[in-house]
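The values are calculated or read from the model by the stated rules, or taken from the named source; none is laboratory data. Just so we're clear, the structure is a prediction, and the values are computed from it rather than from any experiment. Neighbour counts are summed over all protein chains in view; Cβ atoms, including those assigned to glycine, are modelled from backbone coordinates with ideal geometry. In case anyone asks, the SASA skips ligands and DNA or RNA and just uses the protein heavy atoms, side chains included. Shrake-Rupley method; radii C 1.70, N 1.55, O 1.52, S 1.80 Å.
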Amino acid sequence: MNNKIKEFTRRHSLEIGLIVITILVWIVFIITSPRTFLSPKIYRTFMSTVPFVGLLALGLTFVLAIGEIDLSFPSTMAVGGMCFGLAFAATNSIVLGILAAMAGGFVVGLINGILVTKVGMPSIVATLGMMFFLRGFVTLSTDGSAISLRALGDHMLYPVFSGTFLTIPMQTVWFLFLSVFLGFILYRHQFGDNVLFVGDNSHTADLMGISVSKTKIAVFIIMGMLAALSGTMDVFRLRTWWPTQGQGYFMTAFATVFVGGTSMKGGQGTVFGTFVAAFLIGSLEAGIVAAGLAGFWTQLIYGLIIVVSVSIHTNLRRLGIT
Amino acid sequence: MLRKISFVMVLALLLSLAVTGPIMAQDEPLEIYFFPGGPEGGPFATIVYNGAEHANEILGDRVEVRYRWSDWSPERMVTQFQEAVAANPDGIAIMGHPGDDALEPHIDEAREQGIIVTSQNTTLPRMEERYVAEGFGYAGQDLYDSGYMLGEAAVERAGLGEGNRALVWGLLSQPTRGQRTQGAKDAVEAAGIEVDYMEISSEVDADASAGIPVISGYLAENPDTDLVITDHGALTSTLDVYLETAGMEPGEVFGAGFDLSPATLDAIESGYVQLVHDQQPFLQGFLPIFQIYISANYQFSGLHIDTGSGLVHEDNVELLAPLIDEGIR
């Protein structure tokens, strides 16, 4: 029994370490600002604001696990939000809006995947180009104007993405559901094995009969659809779509994935780590401000926590503990 | 003149209340969440922050101000506003960039909790009307009017009319904030001038130096441009670099824009920038803190104060130079 516990601890030390860091950070926040952090309200707020970055980070977890990178996701988020906004404004149908957004995310992911696997562009270059292209595309398509969707709040299906379920904000319900589903895919499904295998050594994976191209394209499609879904859910929250949508999430999403424990080198990815890190990263700024650190301290502390967390992961890996 | 007198009276009222405040002061300091708008250290946001800090210093231990830096991202502002509401402070001073629709449910929630909300820099007309009696004020420019004022004055001072060409580089895509760009564009077009409009991209919005190749390319293609208006503080402060890089001599193109900073002062002195609209961001930080303080303590309703009524040019810039260096103007 002891051996099983030891083995479990050894295998999951990265996730356990992350939970410990998160709890420690929150304890510090509770000590420094008890009025805010002993109230359930702040946690409910995090549950309604964190999932937007969380969904992007879930997609990035898969992309990094397969040994690639995607820089276009903030623009894809705007594509998803725009497709939803235009479709809803034209039809007043949430279902059609979501289908349009998912189609937009699918097409962007497919193009990214084709550019990387068929055209042979490095993913950092292909997705960098797509990031600019898509931002220009949404700005041109809407003549640079925002889309006001005030009527969305009165729609009967509005609570599906912006209401609550047993007092839990629906944003977190969706984030949790998709995390469990994608965790199952990554750890328990053949596709997940292929992703990790390709990420670890694509040449060997190819020799083993795994279709590297198809797997990579599928991962970029997952990323695209998750970004589009995040954009759609963000539109539900804001009841407005801006051409600048997603730009504030770029660095936060990357920080979430790296703090969660997913490596840039490929072949490794942790959906659980990403889920926990999303809430850790998402709560940092509010905690630092509530602690009363005035003025210009926020980014300094924010950066420090990220560097310390990732240093711990890196050393755990180097020592072969995870 | 009337506007100046009323502004002085409001300021005198605020300061006298601050002085007499301790008599009625509450035991616990008022906790206020304040949104300077931009990134930490951003030129405009820092002046707003300086104003809020100055009010904080005057009020001493009667208030405790906490800052949320939003990088001018409307989404971040909404998220940070939600978090501020969850922290249940006594007051929140928000920038209105996300617009009424995006902020409405959260402002309603804040009011239900008894949090005083006020606004600065960009208006939230519906929210202000709904909660004005409960301390919801506004300290900032009237956006469209400010834009129109600058556009009209630029045309007049540059002596332009039909047959001339102008570039307006702004932020029409942002729902409320874009009104200032629209005002400037309308004023220039009303003078019969051909106007080319360019949207400020997010990269340029975040880092003005990223705009050098954009405007260089435009001016190379359109060497007959007579007037350039930049609707962005950081871009206005970089206008001299833009024009110099594009091979222009000082005064060859009439440069106009918004918001003062030490760099903008240099640009005016170097002759590349001829006209700047000053919305007095210091007051957009200073006044909301007092708004929340007097509403919490004396139940005053919201004050709508237009801070943007000044035009700065080579004839009056010397007067303001020391204050610009101090980060007050």
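Below are the figures for this structure:
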item	result
Relative contact order (%) - chain A, alpha-carbon pairs under 8 angstrom, separation at least six	34
Area accessible to solvent at B:Leu311, 1.4 Å probe radius, in Å²	50
Pairwise centroid distance, computed over Cα atoms, of the range A:102-139 with the range B:248-265, Å	39
Listed residues A:Phe37, A:Phe275 arranged by accessible area, highest first, probe 1.4 Å	A:Phe275, A:Phe37
Contact order normalised by residue count of the range A:139-261, Cα under 8 Å, 6+ apart, percent	36
Note, ³J(HN,Hα) from phi for the range B:289-294, Karplus 6.51, -1.76, 1.60, rounded to Hz, x at Gly and Pro	5, 5, 4, 5, 4, 6
Chain B - percent of accessible surface contributed by carbon and sulfur, probe 1.4 Å	53
³J(HN,Hα), Karplus 6.51/-1.76/1.60, whole Hz, each residue of the range A:233-244, x for Gly, Pro	5, 5, 5, 4, 5, 8, 6, 8, 10, 10, x, 8
Accessible area that becomes buried as B packs against A, both chains, 1.4 Å probe, Å², nearest 100	3200
Dipole-positive endmost among B:Ser209, B:Met149, B:Val168 within the range B:143-278 (Cβ charges, Cα centre)	B:Met149
Relative contact order for chain B, counting Cα pairs under 8 Å that sit 6 or more residues apart, in percent	21
Acute angle (nearest 10 degrees) that the helix B:143-158 long axis makes with the longest principal axis of chain B, alpha-carbon atoms	30
Where only C-alpha atoms are counted, convex hull volume of the protein assembly as shown per residue in Å³	170
Residues in the range B:174-190 occluded by at least 10 Å² - accessible area, probe radius 1.4 Å, against chain by itself	B:Gln174, B:Pro175
Residue order for B:Tyr131, B:Tyr144 - accessible surface, 1.4 angstrom probe, largest first	B:Tyr144, B:Tyr131
Positive-end extreme of charge dipole, chain B - chosen from B:Gln284, B:Trp69, B:Gly159 (charges on Cβ)	B:Gln284
Fraction of alpha-carbon pairs over 32 Å apart in chain B - percent	29
Share antiparallel - DSSP beta bridges, the protein assembly as shown, percent rounded to 5	20
Reachable lysines, given that their alpha-carbon falls under 26 Å from the alpha-carbon of A:Lys214 and they are not under 8 places away in the same chain	A:Lys118, A:Lys265
Heavy atoms of A:Trp297 accessible to a 1.4 Å probe, total area in Å² rounded to 10	130
Gyration tensor verdict on chain A (Cα atoms; rounded if a/c is under 1.5, prolate if a/b is larger than b/c, oblate otherwise)	oblate
For the range B:35-74, residues shielded by at least 30 square angstrom of accessible area compared with the chain on its own, probe 1.4 Å	B:Glu40, B:Tyr49, B:Arg66, B:Tyr67, B:Arg68, B:Trp69, B:Pro74
Dipole magnitude of the protein assembly as shown, debye to nearest 20 (Cβ charges: Lys/Arg +1, Asp/Glu -1, about Cα centre)	3600
Solvent-accessible area, 1.4 Å probe, carbon plus sulfur percent, for chain A	71
Per residue accessible area in Å² of the range B:254-329, where ligands, DNA and RNA are left out and the probe is 1.4 Å	33
